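Chemist: Take a look at this one; I'll ask things after.
Bear in mind that the values in this text are calculations on the coordinates, not laboratory data. In this text the structure is predicted, and so the values were computed from the model without any measurement. FYI the Cβ positions are ideal-geometry reconstructions off the backbone, even for glycines, and counts take in every protein chain you see.
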Amino acid sequence: MFSSVFAQSPDDAYRIETFSVDDLPTVQIETSGGSIKTIGHAENNVRVEMYVRRSNRYYSPSDTDLEDFEIDISQSGNTVTASAERENSGIGGWFNNNRNFSISFVVYTPSESIVNGGTSGGSVSAENITHTLHLRTSGGSVKADRVSGEVSLRTSGGSISLTDSDGTIDARTSGGSINLDRTYGNINVRTSGGGIRVTDSGGNLSARTSGGSIRADLGEVTGDLDLRTSGGSIRIHVPGNTGYDLNLRGNRVNVDLVNFTGSSERNSIEGSMNGGGYKITARTSGGSVNVDFI
């Protein structure tokens, strides 16, 4: 469970709306100045909690009328929308106090929902969403816990973290690290500004970074691994009693080979171990490749 980065209690909410929905609802969440959190539940409704904050204070309708924002919390068919868009008032300038407000959403929705969430000014997170999840932010981190199905995560200004998740996962950041823990499926992760850490995960994994190292600690291998970096080293821990097809290249490659057939040089190894099997590809132009069999 994530600790909330905004309100801890619905008592702080500026507005709360609840909508009855059918199976497989769609939830659209957008805000230009705050955070988004989506939580899957077992009820047939979508509950939208909207929070208005400036500095460390939460505001209610009696405190401010949000005249600089266009707020839409509504339902159309089986789609629920929660959006807060700052209008370009053009008047008031420096003296317009509403310019410093941030509007965040906490949305409770059926676990089997189609969720699309985006913000330009804060973090985004989701938990227990089991159908479709698309989250994006240009100014914060992305966290997902116990999500599955089709998962797409994007940020240009922060890190990405996934735990206890599975499915078809695509995660990309240009400004931070990526961490996967107990995450399975067809996984594609990319970063140009940080390292990648994978722990106790499985399936087909493709991980690339141009600005950091990659480390994969896997208790078992259940798919192909393709790890590449141009800005650091790669370290892999995998079981030694499994068959692998190895394709390793770096400034130096360090592997204790057993039952190996193929070519082995100081900076490259290509061949099969234990009769071959899952592919392990690891390439770096900025460091070493280390594979430890456990």
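Chemist: (i) 56, 47, 43; (ii) 74, 44, 27; (iii) 53, 41, 36: which one is Cα extents along the principal axes in Å as calculated from this entry?
Modeler: Read-out taken from this structure: (ii).
Chemist: Another question, if that's okay. If you average the C-alpha positions of segment 18-34 and of segment 214-235 separately, how far apart do those two centres end up, in angstrom?
Modeler: If you average the Cα positions of each part, the centres end up 36 Å apart.
Chemist: Looking at the chain, what % of its DSSP beta bridges pair antiparallel, to the nearest 5?
Modeler: Expressed as a percentage, antiparallel bridges in the chain total about 25.
Chemist: Okay, moving on. Relative to the present Cα-Cα distance, how much length would full extension add between residue 57 and residue 272 at 0.36 nm per residue of separation?
Modeler: So the extension gain works out to 71.3 nm.
Chemist: Whose amide H sits under 5 Å from the amide H of residue 201, counting only residues 5 or more places off or on another chain, with H placed in the peptide plane?
Modeler: For residue 201, the qualifying residues are 182, 183, 219.
Chemist: For segment 64-77, take each phi angle, set θ = phi - 60°, evaluate the Karplus expression 6.51 cos²θ - 1.76 cosθ + 1.60, and give the result in whole Hz per residue in order, putting x for glycine and proline.
Modeler: With coefficients 6.51, -1.76 and 1.60, one gets 7, 9, 6, 5, 8, 10, 9, 9, 9, 10, 8, 10, 9, x Hz.
Chemist: Assigning unit charges at the beta carbon (Lys, Arg +1; Asp, Glu -1) and nothing else, what dipole magnitude in debye, to the nearest 20, does the chain show about its Cα centre?
Modeler: Around 1320 debye, computed over the chain.
Chemist: Another question, then. Hey, rough spin-label estimate for residue 259 and residue 42, points 7 angstrom out along Cα→Cβ, what's it come to in nanometres?
Modeler: It is 4.5 nm.
Chemist: Across 5 Å bins from 0, what is the distribution of all Cα-Cα pair distances for segment 196-294, in whole percents?
Modeler: Reading the bins upward from 0: 3, 14, 28, 28, 19, 7, 1.
Chemist: How large is the charge dipole for segment 125-238, taken about the Cα centre, if only the Cβ atoms of Lys, Arg (+1) and Asp, Glu (-1) carry charge, to the nearest 20 debye?
Modeler: So the dipole magnitude of segment 125-238 works out to roughly 520 debye.
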